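Read through the structure below, which is laid out as structure tokens, and then see the notes.
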């Protein structure tokens, strides 16, 4: 699930691929978020989603698109743990992978950490050894911002063309 905040308006939306409790908008696709305007979010939080998205690097470009300049995002994704298909379970991600993902989307890394040690949580959730990445969308001048947005738009279009009808 993605939680997207527009702090200036005091709004919070929960985005997901399926309807459910606390889901405000269901995304048609994880790769093109028609439902969310560009540069409309102050904060995006993604918890335990990227392992279920076949091409999560395309989704990361959408995160970058919807963040306002100066907006921040926090991503948590497991680096271990058992298979848990919902409906797919494609990836385990390490901290360096999350940093590479931020670099791919031209975002500034603020913090990257992983809970490697077992804490002995009663629910066993420490088996996932979740890395966490916090990053910020750069604040650019008008020309730099337009050039960067065009570069990311073009990157997004090219990788989507590579998917064909998948």
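What follows draws every value from the coordinates through simple rules; no lab data is involved. No experiment lies behind these values; they were computed from the predicted model shown. Because the Cβ atoms are built from the backbone with ideal geometry, glycine has one as well, and the counts that use them run over all protein chains shown.
Tabulated data
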item	result
Whole-angstrom gap from the range 44-75 to the range 77-153, using each part's C-alpha centre	8 Å
Share of alpha-carbon pairs per 10 Å distance bin for the chain, given as whole %	10, 38, 38, 13, 2, 0
Distance in nm between pseudo-label sites at residue 127 and residue 26 (7 Å out along the Cβ direction from Cα)	3.1 nm
Antiparallel bridge percentage (DSSP; both residues within the range 2-163; nearest 5)	70 percent
Candidates 87, 138, 95: whichever shows maximal mean-square fluctuation once the chain is modelled as a Gaussian network with Cα springs under 10 Å	87
Length-normalised contact order of the chain in % [C-alpha pairs under 8 Å, at least 6 apart]	19 percent
Ordering of 150-158, 55-63, 104-112 by burial proxy (mean other Cβ atoms within 10 Å per residue, highest first)	55-63, 104-112, 150-158
The chain - mean residue ellipticity at 222 nm from DSSP helices (-39,500 (n - 2.57) per run, n ≥ 4, rounded to 500)	-8500 deg cm²/dmol
Most to least packed among 125-131, 45-51, 73-79, 115-121 [average Cβ atoms within 10 Å]	73-79, 45-51, 125-131, 115-121
Separation in nanometres of the label points that stand 7 Å from Cα toward Cβ, at residue 37 and residue 83	4.4 nm
